[in-house]
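Data first, discussion second: the structure below is written as structure tokens.
The values are calculated or read from the model by the stated rules, or taken from the named source; none is laboratory data. Worth saying up front: this structure is predicted, and the values here are computed from it rather than measured. When we count neighbours, we look across all protein chains shown, and the Cβ atoms used for this are built from the backbone with ideal geometry, even at glycine. Quick note on the areas: whole protein, heavy atoms, side chains included, nothing else; ligands and nucleic acids left out. Shrake-Rupley method; radii C 1.70, N 1.55, O 1.52, S 1.80 Å.
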Amino acid sequence: MNNVSFDPLIHAQNRLQICAILAATAEIEFKVLREKLEVSDSVLSKHLKALEDAQYLCAQKRSNMGRQRTWLSLSKTGREAYNGHLAALRNIVGSV
């Protein structure tokens, strides 16, 4: 891994959880992610917007039985940043 760096954007508790969940799956629906995190729509939206602005997140709207759903996934940049952040945390913990 060539990009080992602490990322303050990812480090916020909810964003770290979001990245961890997204790293473990190809994609997840907004509603399912909201339920896993036990946060409101507005709180989740705020964190997703921050990740999307950094190009760490891909959001795709799809219709399912007449209802529009939002599906989320980490972008390649987001996955690299998350993995680099985890490596930086391991370095911090390992040096104590």
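List of remarks:
- Matching residues in segment 59-96 - criterion: being in a strand (DSSP E or B) and open to solvent by less than 60 Å² (accessible area, probe 1.4 Å): ALA59, THR70, LEU72, SER73, LEU74
- Scanning segment 1-13 for residues that are over 15 Å from SER75 (Cβ atoms) and open to solvent by 70 Å² or more (accessible area, probe 1.4 Å) yields a total of 6.
- Candidates ASP41, ASP53 - the one that is among the charged types (D, E, K, R), under 15 Å from LEU74 (Cβ atoms) and surrounded by fewer than 13 Cβ atoms within 10 Å (Cβ to Cβ): ASP53
- Any hit, segment 14-34, residues being over 12 Å from the mean Cα position of the chain (by Cα), of a type in the set (Val, Ile, Thr) and either exposed (fewer than 14 other Cβ atoms within 10 Å of the Cβ) or not in a helix (DSSP H, G or I) (or both): no
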